[in-house]
Amino acid sequence: MLTGDKGETAMEIGLRCGLYDRDSMKIMKVVETTEHSALLADLQKHVRFVEDCNQGQDTSSFAMAVAGNCLPTIYESPQTSACIKVLFANCEAVIVYRSSPSQKAETVKYIRQNLGTKWLTSLTTMAIGDGANDVNMIQSAHIGIGIFGKEGNQAASFADYALPCYRDLR
C-alpha cells in the first residue's frame, strides 16, 4: 500500500482493510531516516530476522512499514537495494507511508524491474487510486484502477479500469 498518509493512519487503514494482521504477522518498521549507514543497518537487521524465521520452525508471515522519505536512499545504494528486494519478496504486506506521487510511481517501477524476474516467477503489479496524485502510480503499474472520487476524475481517466467507489473492487 502506497499512501501519503502519516504512518499511524496508514497502519490503521492497512489493519482495518485486512492488509495485515497484528496477531498472525510479524511487523517490521524501517527506521525513518535518510542517513545511509543507519538505514542499511536497520534493513540488514530486518533481513537477518526474516532469514532466521524462515530457517527455523516459525511459520509467521511478515509485514513491513517504510517511510517515503527513506525510498531515495534505499533505491540508490546497491546495499540497501539488495536488502529491500529481500524484504519486499518475503513480506505479504508492505505499507509505504508519507510518500509523494513520484515516490509512489518509483516504487511500482522498482518492484516491476527488480522483483518480477529474480524472486517471483509471475509478478503483476496493480495500482488503485482516487486522485490526481495517484495518476503516475496508476500508469506505472501493469493494471491501473481509478476510482471516481471527491478529488475528481483524473485517476479514473488515466486508468485501465475505472470504478465508481472502493467497495466495487470486490
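Structure notes:
- If you take all other residues with their beta carbon under 14 Å from the beta carbon of R16, and give Lys and Arg +1 and Asp and Glu -1, the sum is -2.
- Here the Karplus curve 6.51 cos²θ - 1.76 cosθ + 1.60, taken at θ = phi - 60°, turns the phi angles of region 96-103 into couplings of 10, 10, 6, 9, 7, x, 5, 5 Hz, with x standing for Gly and Pro.
- Each Lys or Arg adds one and each Asp or Glu subtracts one; over the other residues with Cβ under 12 Å from the Cβ of M25, this totals -2.
- Scalar couplings 3J(HN,Hα) for region 59-76, obtained by applying the Karplus form with A = 6.51, B = -1.76, C = 1.60 to θ = phi - 60°, are 9, 5, 9, 10, 10, 9, 10, 9, 7, x, 5, 7, 4, x, 5, 5, 6, 6 Hz; x denotes Gly and Pro.
- Sequence-distant lysines (8 or more away, or on other chains) whose Cα lies within less than 17 Å of K29: K6, K45, K85
- Kirkwood radius for region 46-90, taken over all pairs of different Cα atoms as the inverse mean of 1/r, rounds to 11.5 Å.
- The antiparallel fraction among DSSP beta bridges confined to the chain stands at about 5%.
- Here the label points at I13 and E35, each 7 Å from Cα along the C-beta direction, are separated by 3.0 nm in the simple model.
- Counted over region 124-170 with a bin width of 5 Å, the fraction of Cα pairs per bin, in whole percents, is 5, 31, 35, 22, 6, 0.
- Gain on full stretching of the segment that runs from C53 to S77 - 0.36 nm per residue minus C-alpha separation: 6.1 nm
- Compactness of the chain as Cα Rg over 2.2 N^0.38 Å, two decimals: 1.04
Read-outs throughout are calculated quantities, based only on the coordinates presented, and are distinct from any laboratory measurement. All of these numbers come straight from a predicted model, not from anything done at the bench. Please note: Cβ atoms are built from the backbone with ideal geometry, for glycine as well, and neighbour counts cover all protein chains shown.
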